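The values are calculated or read from the model by the stated rules, or taken from the named source; none is laboratory data. Quick caveat: nothing in here was measured; it's all calculated off a predicted structure. Note that we place each Cβ from the backbone using ideal geometry, even for glycine, and neighbour counts take in every protein chain shown.
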Amino acid sequence: ADKAAYPVLLSNGNLVDSGDLPDGRHFAKWEDPFRKPSYLFALVAGKLVAIEEKITSGSGKEKLLQVWVEPADLDKTRHAMDSLIHSIRWDERRFGLELDLDRFMIVAVGDFNMGAMENKGLNIFNTKYVLANPETATDTDFANIESVVGHEYFHNWTGNRVTCRDWFQLSLKEG
């Protein structure tokens, strides 16, 4: 990809290699060790910045959490990050389910036509469910962010590992 136009290259899984190529281009190689339905594959490229936190899982493994946004929105991501951490910790405590990748990312996209999508390790969200200005956001805004971040994260173990036979089984994943 053109490095000037698309300085950030994201996909599912763990980043295993990246570098520069001739003519101002660059690459990123991602490896996702988990089989998944094709609709959970994701690529995001753009001029983005991230809030990052490292957490230690219940088994002692370090995990990198990132919330990617356009630069002007970075100061509105704290609640989404806190919601992600709450969801991860709850899954560990309640079910003993640990984040199975080294990295988990949320990307906020202004023109994303859905609320959010549970792409494995790279959740894509409409900005409405990530961004909250503490000075102007309502309690409902904060509650919606917490709810949708949790919902999409929980797909990691309870939805992403199975494929529906047909649309009649959709409630198994979204119910």
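Taken as a whole, the condition of being surrounded by 14 or more Cβ atoms within 10 Å (Cβ to Cβ), out of contact with any strand residue (DSSP E or B) (no Cβ under 7 Å at 6 or more places or on another chain) and not charged (D, E, K, R) does not apply to W30.
The combined condition, being loosely packed, with under 13 Cβ neighbours inside 10 Å and either over 22 Å from N133 (Cβ atoms) or touching a residue at least 40 places away in the same chain (Cβ under 8 Å) (or both), is not fulfilled by D100. For the range 113-157: of the residues being exposed (fewer than 14 other Cβ atoms within 10 Å of the Cβ) and either in a loop (DSSP other than H, G, I, E, B) or at pLDDT below 95 (or both), which is nearest to the chain's Cα centre (by Cα)? In this case the residue turns out to be M114.
The residue list S83, S18 contains one member that is out of contact with any Ser or Thr (no Cβ under 8 Å at 6 or more places or on another chain) and surrounded by fewer than 14 Cβ atoms within 10 Å (Cβ to Cβ), which is S18.
Would a scan of the range 38-57 turn up a residue that is among the hydroxyl-bearing types (S, T, Y), in a loop (DSSP other than H, G, I, E, B) and crowded, with 19+ Cβ neighbours inside 10 Å? The answer is no; no qualifying residue exists. Among residues of the range 44-58 that are free of Cβ contacts under 8 Å to residues at least 40 places away in the same chain and more than 20 Å from V109 (Cα to Cα), those with a Cβ under 6 angstrom from a residue that is of a type in the set (D, E) and surrounded by fewer than 13 Cβ atoms within 10 Å (Cβ to Cβ), sequence gap 6+ or separate chain, pair up as K54/E62; T56/E62.
Scoring D73 on the criteria (1) part of a strand (DSSP E or B); (2) surrounded by 17 or more Cβ atoms within 10 Å (Cβ to Cβ); (3) touching a helix residue (DSSP H, G or I) at 6+ places or on another chain (Cβ under 9 Å) leaves a single failure, condition (1).
Taking the criterion of being free of Cβ contacts under 8 Å to residues at least 40 places away in the same chain and either farther than 24 Å from F34 by Cα or surrounded by 15 or more Cβ atoms within 10 Å (Cβ to Cβ) (or both), the only residue of the range 86-97 that qualifies is E92. Looking across the range 123-143, just one residue is of a type in the set (A, V, I, L, M) and more than 30 Å from N12 (Cα to Cα), and that is A137.
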